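In what follows, a single structure is set out as structure tokens and then discussed.
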Amino acid sequence: MQGFGSFLPGRVEFGSGTISVLPDWVKGKSILFMSDAGVKGSGILDPIVAACKGSAAGVTEFYETPTEPSEDDAAAVAARFKEATIDAIVAVGGGSVLDTAKVLGVLIGSDASVADLFDGKFPASRSITLIMVPTAAGTGAEATPNSILYRPSMKLKVGIVCGLFVADKIILDPDLTLGLPQGVTAATGLDALCHAIECLVSNKANPLSDMLSTEALRLIFANLRKAYKNGRDVDARANMLLASFYAGISIACAGTNIVHALSYPLGGRYRIPHGVSNAILLAPAMGFNAGVSADKLAGLAGFIGDASSLNGRDSRVEAVMRELEALTRDLGLPRKLADLGVPASDLEVLVEDAYKVRRLLDNNPREVGKDDIRAIYQSLC
């Protein structure tokens, strides 16, 4: 049996209306309330902030978190609040907000810089409480010890992995995800699917990640189309939020691999949203792994309609591969690199960039060479 280690959040509240616990969590504290302009503009934050102001000792609001933040963005936000007196950070938003909050929580009150974090030079401890409230079901960032930032010097998105990034408290309230635009629902939902399926086939897959990633995939296959078609379906939203959380914990103890490795150059060079770049790579990348991960992939056929009655491992794997392609198509996401503004002439640059992402490629169940990476990208031209 494969051994494992994992970072787990300290406290989790799940269910409709659970945002109501937040005022008690921040009572008497000086808090930094973080989000972004999009979430702020939706109006869902107004009653939450008002409740916090009625309970906390002080509330500083920040809504300028950039989408797909860079190393420089994170450093600028950290410089703004580095000397602030803050007891807790409440991060309400998508992965960009949550990832930025993790970095900020570690840097405030320390001598470390963002560059230090990339170099693995972490402070010994974190004094600020991290409270994570996702408003989309996709990144699972609330559950991971990872923060993904764009590094301009490398033209690549790079992940920082640090135990201090793990949230102290998490609220999973599906009411905050109701009415999310279809495009965001699609991209974030397929991001969660990528997390779960990559962790399932990961070299570091283990009893905990297998259990959580399999359940995440069951929930996603059953609910993603429902959430996409009806943004007010609270049950589908709740199931997707839970699936994203499960997949996030799976990342913490098993890790992603080939899809994310090939996705990072797309996000880095062309600033393509993370979920979109993952989605376009999902089917061909998992097709590459199918031969060595057939048993695990075949086990997913039971979650896919008529495929559950198929006999034979190969036919069940083929059904799963078809479903991955169908999901991308049905959710209206791009299926070719040209649709994302990626010219075929950049193919070799992408190959070289992706091949450098060793932390993820080395976790893939099948060895990945430059020719393999090239073939996957070419299949999308």
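All but one of (1) of a type in the set (Val, Ile, Thr); (2) farther than 22 Å from ARG366 by Cα; (3) assigned to a helix (DSSP H, G or I) hold for ILE272, so report the exception by its number.
The single condition ILE272 does not satisfy is (3).
Answer with yes or no whether TYR270 is touching a strand residue (DSSP E or B) at 6+ places or on another chain (Cβ under 9 Å), among the aromatic types (Phe, Trp, Tyr) and farther than 16 Å from CYS199 by Cα.
Details: touching a strand residue (DSSP E or B) at 6+ places or on another chain (Cβ under 9 Å): no; among the aromatic types (Phe, Trp, Tyr): yes; farther than 16 Å from CYS199 by Cα: yes.
No: the conditions fail for TYR270.
Given the criterion closer than 22 Å to GLY267 by Cα, polar (S, T, N, Q) and outside any strand (DSSP E or B), identify the matching residue among THR214, THR188.
Just a single option satisfies the conditions, and that option is THR188.
Which residue pairs have Cβ atoms closer than 6 Å, lie 6 or more positions apart in sequence or on different chains, and pair a first residue in segment 79-95 that is under 30 Å from PRO181 (Cα atoms) with a second residue that is of a type in the set (A, V, I, L, M, F, W, C) and part of a helix (DSSP H, G or I)?
Between residues of segment 79-95 that are under 30 Å from PRO181 (Cα atoms) and residues that are of a type in the set (A, V, I, L, M, F, W, C) and part of a helix (DSSP H, G or I), the close pairs are ILE89/ALA101; ALA91/VAL97; ALA91/LEU98; ALA91/ALA101; GLY93/VAL39; GLY95/ALA141.
Taking THR214 as the residue in question, decide whether it is under 30 Å from ALA375 (Cβ atoms), surrounded by fewer than 24 Cβ atoms within 10 Å (Cβ to Cβ) and of a type in the set (Ser, Thr, Tyr). I'd like the intermediate steps shown before the answer.
Values: under 30 Å from ALA375 (Cβ atoms): yes; surrounded by fewer than 24 Cβ atoms within 10 Å (Cβ to Cβ): yes; of a type in the set (Ser, Thr, Tyr): yes.
Against the criterion (under 30 Å from ALA375 (Cβ atoms), surrounded by fewer than 24 Cβ atoms within 10 Å (Cβ to Cβ) and of a type in the set (Ser, Thr, Tyr)), THR214 qualifies.
Would you pick out the residues in segment 92-107 that are farther than 21 Å from VAL21 by Cα and either in contact with a Cys (Cβ under 6 Å, 6 or more places away or on another chain) or open to solvent by 10 Å² or more (accessible area, probe 1.4 Å) (or both)?
Those that are farther than 21 Å from VAL21 by Cα and either in contact with a Cys (Cβ under 6 Å, 6 or more places away or on another chain) or open to solvent by 10 Å² or more (accessible area, probe 1.4 Å) (or both): GLY95, SER96, ASP99.
For segment 167-190, state whether one or more residues are within 29 Å of ARG80 (Cα to Cα), small (Gly, Ala, Ser) and surrounded by 18 or more Cβ atoms within 10 Å (Cβ to Cβ).
Yes - at least one qualifying residue is present in segment 167-190.
Got a number for residues in segment 141-166 being open to solvent by 40 Å² or more (accessible area, probe 1.4 Å), in a loop (DSSP other than H, G, I, E, B) and among the aliphatic types (A, V, I, L, M)?
The total comes to 1.
Taking the condition at pLDDT below 95 and among the hydroxyl-bearing types (Ser, Thr, Tyr), does THR85 pass?
Working: at pLDDT below 95: yes; among the hydroxyl-bearing types (Ser, Thr, Tyr): yes.
When the stated conditions are applied, THR85 passes them.
Give the number of residues within segment 64-83 that are open to solvent by less than 40 Å² (accessible area, probe 1.4 Å) and either more than 16 Å from ILE128 (Cβ to Cβ) or among the aliphatic types (A, V, I, L, M) (or both).
Here is the first cut: in segment 64-83, the residues open to solvent by less than 40 Å² (accessible area, probe 1.4 Å) are 65-66, 68-71, 74, 77-78, 81.
Filter once more, so that each one left must be either more than 16 Å from ILE128 (Cβ to Cβ) or among the aliphatic types (A, V, I, L, M) (or both): 65-66, 68-71, 74, 77-78.
Here the count works out to 9.
Would you check which residues across segment 281-303 are touching a residue at least 40 places away in the same chain (Cβ under 8 Å), open to solvent by 10 Å² or more (accessible area, probe 1.4 Å) and among the aliphatic types (A, V, I, L, M) and list them?
Matches in segment 281-303: ALA283, VAL292.
Within segment 339-355, how many residues turn out to be loosely packed, with under 15 Cβ neighbours inside 10 Å and either in contact with a strand residue (DSSP E or B) (Cβ under 8 Å, 6 or more places away or on another chain) or not in a loop (DSSP other than H, G, I, E, B) (or both)? So that I can check it myself, show each step before the final result.
Here is the first cut: in segment 339-355, the ones loosely packed, with under 15 Cβ neighbours inside 10 Å are 339, 341, 343-345, 348-349, 352.
From what's left, either in contact with a strand residue (DSSP E or B) (Cβ under 8 Å, 6 or more places away or on another chain) or not in a loop (DSSP other than H, G, I, E, B) (or both): 339, 344-345, 348-349, 352.
The qualifying residues number 6.
Check ILE304, ILE373 and return the single one that is modelled with pLDDT under 95 and among the aliphatic types (A, V, I, L, M). Lay out the reasoning, then the answer.
On the way: ILE373 fails: modelled with pLDDT under 95.
Of ILE304, ILE373, the one residue that is modelled with pLDDT under 95 and among the aliphatic types (A, V, I, L, M) is ILE304.
Quick check: is even one residue across segment 249-263 in a loop (DSSP other than H, G, I, E, B) and among the β-branched types (Val, Ile, Thr)? Spell out how you get there, then give the answer.
Quick first cut of segment 249-263, residues in a loop (DSSP other than H, G, I, E, B) only: 254-257.
With among the β-branched types (Val, Ile, Thr) added as a condition, the list becomes 256.
Yes, segment 249-263 contains a residue that is in a loop (DSSP other than H, G, I, E, B) and among the β-branched types (Val, Ile, Thr).
Identify the single condition in (1) part of a loop (DSSP other than H, G, I, E, B); (2) open to solvent by less than 20 Å² (accessible area, probe 1.4 Å) that ARG335 does not satisfy, given that it satisfies every other one.
Among (1) part of a loop (DSSP other than H, G, I, E, B); (2) open to solvent by less than 20 Å² (accessible area, probe 1.4 Å), the lone unmet condition for ARG335 is (2).
Pick from segment 14-32 the residues that are open to solvent by 40 Å² or more (accessible area, probe 1.4 Å) and under 25 Å from the mean Cα position of the chain (by Cα): which of them is nearest to ASP87 (Cα to Cα)? First the steps, then the outcome.
Initial filter on segment 14-32 (open to solvent by 40 Å² or more (accessible area, probe 1.4 Å)): 14, 16, 20, 24, 27-29.
Next, only the ones that are under 25 Å from the mean Cα position of the chain (by Cα) stay: 14, 16, 20.
On the way: PHE14: 24, SER16: 27, SER20: 20 Å.
Taking the candidates together, the pick is SER20.
Take the residues in segment 46-60 that are aliphatic (A, V, I, L, M) and out of contact with any Ser or Thr (no Cβ under 6 Å at 6 or more places or on another chain); name whichever of them is most open to solvent (accessible area, probe 1.4 Å).
Just the residues of segment 46-60 that are aliphatic (A, V, I, L, M), to begin with: 48-51, 56-57, 59.
Applying the additional criterion that residues be out of contact with any Ser or Thr (no Cβ under 6 Å at 6 or more places or on another chain) yields 48-51, 56, 59.
Details: ILE48: 14, VAL49: 9, ALA50: 61, ALA51: 42, ALA56: 14, VAL59: 39 Å².
Per the stated criteria, the residue is ALA50.
Which of the residues belonging to segment 304-332 are open to solvent by less than 30 Å² (accessible area, probe 1.4 Å) and part of a loop (DSSP other than H, G, I, E, B)?
Across segment 304-332, the qualifying residues are ILE304, LEU331.
The values are calculated or read from the model by the stated rules, or taken from the named source; none is laboratory data. The model shown is predicted, which means the values in this text are computed figures rather than measured ones. Quick reminder, even Gly has a Cβ in these numbers, built from the backbone with ideal geometry, and neighbours come from all protein chains shown. For accessibility, only protein heavy atoms count, side chains too; no ligands or nucleic acids. Shrake-Rupley method; radii C 1.70, N 1.55, O 1.52, S 1.80 Å.
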